[in-house]
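See below for the structure under consideration.
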Amino acid sequence: MRKSETMRTVFLTGFIFLLATIVVHAQQALSPHYLEGVRIDNDTLPHVDLPQVNIFPKARFKSKQDEQQYWRLVWKVKKVYPYVKEAARLYQKYQQDVPQSARRRDRRIYIKKAEDELMDLYGPKLKKLTISEGRILIKLIDRETHSTSYDLIDQLKGGVPAVFWQGVARLFGNNLKSQYDPYGEDRQIEQIVLYIEAGML
C-alpha cells in the first residue's frame, strides 16, 4: 500500500471516529421530552402553548399637543405604577396571611399594621399626587387586584369607611368605583403599562 493511501485511510478512520464521538455526545445530551397531544380525527398532533407576544405599533400623533399629552400621561403612569404594584402585593399577602375565618379584631390589627407600613414608606409621596394621578392610581389598582378601590376598602375596612372615602373622592372629581377598561377609555394607559412591563419605557 502506498504512503498516500495509508494517510488517506488514517485520516478517514480518524474522521469517522471523531464523527462517532460527536454523535454519541449529542445523543447523551438530549433527554426525551414529550409534548402534549391533541387528537383530531384519527391523528395526534403535538400541542405547544406559546408565550404571549405583544406587538407595539409606532406611535403616531395628530398634533404636537396630542404628543405632549401622551408623554405627560406616560410620566404620570410611571409615577404611580410602583405604588399600584406594591398595593397589589400587600393585598395578595393579606389574603394569604389572614384567613376568611379570622376574627374581625385580628383583621383590624393586621390592616392597621399594613396601613402604618404603607404610610411610613409612601405617605408623603402619595399626598403629593395630583387629582389626575389619583385617577390613574384608582384605575390601575382595579387592573392589578381585579377589584375597584371602593370594593377593597369595603372588604378591608367596612362599608362606612368605603362610603366616606367615596364621598371624599367625589369632591375631587374621582370615583373609587371606577373600573379599568383596557379596550376602551383606558386603552392608552394599558399600552403604556405594557411598554413599562416590557422595559421599553
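Assorted remarks:
- Considering residues of the range 148-201 that are under 30 Å from I111 (Cα atoms) and aromatic (F, W, Y) only, the residue surrounded by the fewest Cβ atoms within 10 Å (Cβ to Cβ): F172
- Test: residue in the range 129-140 that is at pLDDT 75 or above, over 30 Å from N54 (Cα atoms) and surrounded by 14 or more Cβ atoms within 10 Å (Cβ to Cβ): yes
- Looking only at the range 46-76, residues that are farther than 17 Å from V193 by Cβ, of a type outside the set (S, T, N, Q), out of contact with any Asp or Glu (no Cβ under 9 Å at 6 or more places or on another chain) and loosely packed, with under 10 Cβ neighbours inside 10 Å come to 6 in all.
- Pairing residues of the range 164-188 that are closer than 16 Å to L73 by Cβ and modelled with pLDDT of 80 or more with residues that are outside any helix (DSSP H, G or I) and of a type in the set (F, W, Y), at Cβ distances under 8 Å and at least 6 apart in sequence or on separate chains, gives D186/Y180.
- Qualifying residue in the range 123-136 (condition: touching a helix residue (DSSP H, G or I) at 6+ places or on another chain (Cβ under 6 Å) and in a helix (DSSP H, G or I)): yes
- Residue match in the range 100-110 (condition: at pLDDT below 85 and among the acidic types (D, E)): yes
The values are calculated or read from the model by the stated rules, or taken from the named source; none is laboratory data. This is a predicted model, so every value here is computed, not measured. Note that each Cβ is placed from the backbone with ideal geometry, even for glycine, and that neighbours are counted across all protein chains shown.
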